[in-house]
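Report on one structure; see the data block that follows.
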Amino acid sequence: MKRGTPMKAISVAVLALCSGYASASGFQLIEQNASGIGNAFAGSAAVAENASTIFYNPAGMTQLQDREVSGGIAMVKPSFTFTDSGSSNVGAFQNTGNGGDAGSWAALPNGYLSWALNKDLYLGLGIGAPFGLMTEYKSPWQGAAQSTKFDVKTMNINPSVAFRVNETVSIGGGLNWQKLDVEYKRLAGIYTTAQVGVPLSSSNVTLKLKDDAWGWNVGALFTLSPATKVGVSYRSAIKYTAEGTVSVDGPSATFNAARSSNAKTEVKLPDTFILSVAQNLSDRWDMLGDVSWTGWAKIPKIDIMNSSTGSATPIQTLDTEFRNTWRVALGANYKYTDALKFKFGIAYDQSPVKGASTRLVSLPDNNRLWFSTGVQWKLDKASALDAGLAYLYVKDAKISNNQGTLASPYRGLVDGTYADSCWIVGAQYSLAF
C-alpha cells in the first residue's frame with residue numbers, strides 16, 4: 001500500500017496546477033510527461049515506456065507491467081520581449097515601454113496509473129493539463145490597451161482502457177473531463193464625446209471565465225516485429241461555453257458600472273492526431289519518429305458576449321484566424337549500460353498564427369525548433385528516473401495588429417517584433433509494483 005501513496009501526491013500537485021507557457025504551438029502543452037523531453041517527444045504514441053502512454057496512446061498500456069505509476073514535472077521558462085517599430089493610436093501608452101519580458105517560469109506536473117485486470121485488459125488514469133498559456137507585461141507597456149495579462153489554465157482527468165487483440169495489435173481509448181479557467185486583463189480608456197486624442201483616464205478591465213466539458217481519445221499500437229512498433233492516436237476537440245464576469249476598476253464609477261457585466265464565450269479547443277514509429281536498430285540504439293496534426297482552425301475568432309443584457313454584439317472579439325498545424329520530430333536513444341540510457345531529439349513545430357496582422361500580444365507565437373537531450377536511469381528492475389532538457393529556438397515574431405475602431409480607438413495598432421525563446425527542464429519517476 002505504501003507504494004501507492006506517490007499517486008496521491010501527484011494528483012494533489014496537478015489539481016493545484018499553475019498556468020504555463022504553451023511550449024508546443026499555440027497554447028498547447030505537449031509536456032504531459034517529462035520522460036519524452038529528451039527525445040523532443042518523438043515516438044510519443046509508440047514508445048509506451050511508462051504509464052504516461054495513457055495520454056499519448058492508451059493502447060500502449062498493454063506493453064507495461066501489471067501495475068505501474070508514473071509522475072513528473074516539467075519546468076518551462078519562455079521569453080517574449082517586444083521591440084517597437086511604429087505602434088500608434090494607443091492613447092496614453094504610446095512610447096511608454098515595451099512591457100519587459102512577458103514570459104516567466106511555470107510548473108507543469110502530471111500523474112498516471114496503469115493496472116492490468118488480466119494479461120490482455122488494462123485500466124488507466126491520467127491527470128495533466130493539455131492546454132495552458134500565460135503572458136504578463138510589466139507596466140508601463142504601450143500595448144496595454146490590447147492586453148496586460150492573459151492566463152489560460154486547464155486540468156484534464158483521463159480514465160482509460162486498453163485491450164490486446166493479439167500479439168500484433170492493441171487498441172485503447174478514454175474519456176476526458178477537462179476544466180478551463182481563463183483570466184484576461186487590459187486597460188480601457190475614457191474618451192471625450194468626440195472619441196479623439198488621448199483618453200481622459202484609463203481603467204483596468206478584467207475578464208474571468210470558466211467551464212468544464214467532456215472529450216474522448218482513442219489509439220492503436222501495432223507491434224510489426226520485435227524491433228518495430230507503430231502507434232496512432234486521436235484526441236477529440238472539446239467545446240466550452242465559458243461563463244464569468246467583466247469587471248472594471250478605475251477613477252470613474254459611472255464608467256466602471258457601465259462596462260462591468262456578466263460575460264460568456266464559446267470556444268472549441270482543437271483535436272490532435274499523432275502517428276509515431278519506434279525502431280530498435282541494435283542492442284544499443286533506438287530511433288523514434290513522430291508526425292502530429294492539431295486542428296487549430298477551429299478557433300477563427302473568440303467573441304466575448306455580455307450575458308447580462310443578452311446583446312448580440314460582442315463586448316470584444318479576438319480575431320485569431322488560426323490555421324491547422326503540423327509537428328515533426330525525430331529522436332534517438334543510446335543504451336550506454338543496462339541501467340543508463342541517453343536520449344536525443346529534434347523537432348519542427350508549426351505555429352497556428354498566420355502572420356503579423358493576426359498575431360496577438362497575448363499570444364506572440366511563431367514557428368519553433370526543438371533541441372533536446374535527456375537521460376534515463378533504471379534504479380532497479382521496477383523503477384526508473386528520467387530527466388530531460390530542451391531549448392526551443394523560436395523565429396522572431398513580427399506583429400502589426402490593429403484593434404482600433406471608431407467605437408474603441410484606444411486599443412490602436414501594436415507594431416513591432418517579438419524575440420521569443422523557451423527552455424524546458426523536467427524529471428519523471430516511474431514505478432512498477
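Between residue 107 and residue 313, with labels modelled 7 Å along Cα→Cβ, what's the label distance in nm to one decimal, could you check?
According to this spin-label approximation, the distance is 4.6 nm.
For the chain, compute Rg over Rh where Rg is the Cα radius of gyration and Rh is the Kirkwood radius from the inverse mean 1/r over Cα pairs.
1.02
Can you tell me how much longer the chain between residue 336 and residue 65 gets when fully stretched, taken as 0.36 nm per residue apart minus their C-alpha distance, in nm with one decimal?
Here the segment from residue 336 to residue 65 would lengthen by 95.2 nm.
Which whole-number percent is the relative contact order of region 284-433 (Cα, under 8 Å, 6+ apart)?
Normalised by residue count, the contact order of region 284-433 is 18 percent.
Highest first, please rank the peptides 120-126, 317-323 by the mean number of other Cβ atoms sitting within 10 Å of their residues.
120-126, 317-323
Do you know the relative contact order of the chain, to the nearest whole percent, from alpha carbon pairs under 8 angstrom that are 6+ apart?
20
Could you tell me how far the Cα centroid of region 37-63 sits from the Cα centroid of region 228-290, in Å?
One Cα centre to the other: 20 Å.
Please rank 141, 293, fewest neighbouring Cβ atoms within 10 Å first, as an exposure proxy.
Fewest-to-most Cβ neighbours within 10 Å comes out as 293, 141.
Would you mind counting up the charge near residue 309? Only other residues with Cβ under 13 Å from its Cβ, with Lys and Arg at +1 and Asp and Glu at -1.
Value of the local net charge: +2.
Sorted by packing (mean other beta-carbon atoms within 10 Å per residue), highest first, where do 224-231, 157-164, 307-314, 392-399 land?
Sorting 224-231, 157-164, 307-314, 392-399 by mean packing, highest first, produces 157-164, 392-399, 224-231, 307-314.
Go through 150, 115, 412 and say which Cα lies farthest out towards the positive end of the charge dipole of the chain; charges sit on Cβ, +1 for Lys and Arg, -1 for Asp and Glu.
Most positive-ward Cα: 115.
Which of the peptides 346-352, 32-38 is most tightly packed, and how do the rest follow, judged by the mean count of other Cβ atoms within 10 Å per residue?
Going by the mean number of other Cβ atoms within 10 Å, highest first, we get 32-38, 346-352.
With the contact rule set at Cα under 8 Å and sequence spacing of 6 or more, what percent relative contact order holds for region 200-351?
Once divided by the residue count of region 200-351, the mean separation gives 18 percent.
Set the Förster distance to 25 Å, then compute FRET efficiency between residue 389 and residue 275 from the Cβ-Cβ distance, nearest 0.05.
Computed FRET efficiency for residue 389 and residue 275 comes out at 0.45.
What is the angle, in °, between the Cα long axis of helix 5-15 and the longest principal axis of the Cα atoms in the chain? Nearest 10 is fine, range 0 to 90.
Tilt relative to the chain: about 20 degrees.
Sort 61, 134, 287 so that the residue with the fewest other Cβ atoms within 10 Å of its own Cβ comes first and the one with the most comes last.
Lowest to highest Cβ neighbour count: 287, 134, 61.
Around residue 50, what is the net charge, scoring Lys/Arg as +1 and Asp/Glu as -1 over all other residues with Cβ under 9 Å from its Cβ?
So the environment of residue 50 carries a net charge of -3.
Charges only on Cβ, +1 for Lys and Arg, -1 for Asp and Glu: so what's the dipole of the chain about the Cα centre, in debye to the nearest 20?
Using Cβ point charges on Lys, Arg, Asp and Glu, the chain gives about 240 debye.
Using a simple spin-label model with points 7 Å from Cα along the Cα→Cβ vector, what separation in nm is obtained for residue 168 and residue 81?
Here the modelled spin labels are 5.6 nm apart.
Can you check what the net charge comes to around residue 398, using other residues whose Cβ is under 9 Å from the Cβ of residue 398 (Lys, Arg +1; Asp, Glu -1)?
The answer is -1.
Using Cβ contacts closer than 10 Å as the measure, can you line up 54, 424, 299 from fewest to most?
Placing the least packed residue first, the sequence is 299, 424, 54.
Readers should treat all values here as calculations from the given coordinates under stated rules, not as data from a laboratory. Bear in mind the structure is a predicted one, so any value in this text is a computation, not a measurement. Neighbour counts run over all protein chains shown; Cβ positions are idealised from the backbone, glycine included.
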